[in-house]
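See below for the structure under consideration.
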């Protein structure tokens, strides 16, 4: 703790600082709560996407197995992503990425030369890629939110556990010192008055 001057000016400075800390702390606490809620929401979204991927894989296990065959040789070109559209939104004062959509290369293929299951396999594979990209973006969002949450939590702890208690203690110490000074000053004044009275009395005698 830095040495505090035991003066009236320092007392005013410390009181003003305490007002600022106590005014700013609720804002930080609110931001911390918002970030905690958003982190929880994003984690739920990631878990939901994992569930969707698992269900898609289980549901299309037979179809997906066919993709390894020679009849699906041209599928890779149809799975090429031409655009990954990402937006942005503000969460508790920070900008995070938002998934808007994914566009695949639109390549014509001969319906007569592909097996009947080809369209379903293509749709399933594209859905799988979209879910993976969504999850990747949510992971990035989660990293940003958790980093901001760590910073805000550190600030809340700094204000709650260090700055506010420290400033209150400084104010208490200064008040005690100034009070003692005032008491001593009154005492000295009374002693001086007493000595003057004695001197006057001696002169009059």
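The values are calculated or read from the model by the stated rules, or taken from the named source; none is laboratory data. Worth saying up front: this structure is predicted, and the values here are computed from it rather than measured. Counting neighbours? That spans all protein chains shown, and the Cβs are built from the backbone with ideal geometry, glycine included.
The table that follows gives values for the structure above.
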item: Per-region count, the stretch 87-117, residues crowded, with 16+ Cβ neighbours inside 10 Å and over 30 Å from residue 144 (Cβ atoms); result: 2
item: Residue that is farthest from the chain's Cα centre (by Cα), among those in the stretch 95-117 that are at pLDDT 90 or above and under 17 Å from residue 131 (Cα atoms); result: 103
item: Answer from 142, 122 - the residue that is modelled with pLDDT of 85 or more, in a helix (DSSP H, G or I) and more than 30 Å from residue 10 (Cα to Cα); result: 142
item: Answer from 75, 67, 35 - the residue that is touching a helix residue (DSSP H, G or I) at 6+ places or on another chain (Cβ under 7 Å) and at pLDDT 75 or above; result: 35
item: Cβ pairs under 7 Å, 6+ apart, first in the stretch 155-182 and within 10 Å of residue 21 (Cβ to Cβ), second at pLDDT below 90 and not in a helix (DSSP H, G or I); result: 166/1
item: Residue selected from the stretch 1-32 under the condition more than 21 Å from residue 159 (Cβ to Cβ) and out of contact with any helix residue (DSSP H, G or I) (no Cβ under 9 Å at 6 or more places or on another chain), by the criterion modelled with the lowest pLDDT; result: 3
item: Any hit, the stretch 78-86, residues being part of a helix (DSSP H, G or I), modelled with pLDDT under 85 and exposed (fewer than 11 other Cβ atoms within 10 Å of the Cβ); result: no
item: Filter pass, residue 115 being in a loop (DSSP other than H, G, I, E, B) and either closer than 30 Å to residue 59 by Cα or touching a strand residue (DSSP E or B) at 6+ places or on another chain (Cβ under 7 Å) (or both); result: yes
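One line per residue, one yes/no per condition, for (1) exposed (fewer than 15 other Cβ atoms within 10 Å of the Cβ); (2) within 30 Å of residue 29 (Cβ to Cβ); (3) over 14 Å from the mean Cα position of the chain (by Cα):
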| site | (1), (2), (3) |
| --- | --- |
| 119 | yes, no, yes |
| 123 | yes, no, yes |
| 133 | no, no, yes |
| 144 | no, yes, no |
| 148 | no, yes, no |
| 152 | no, yes, no |
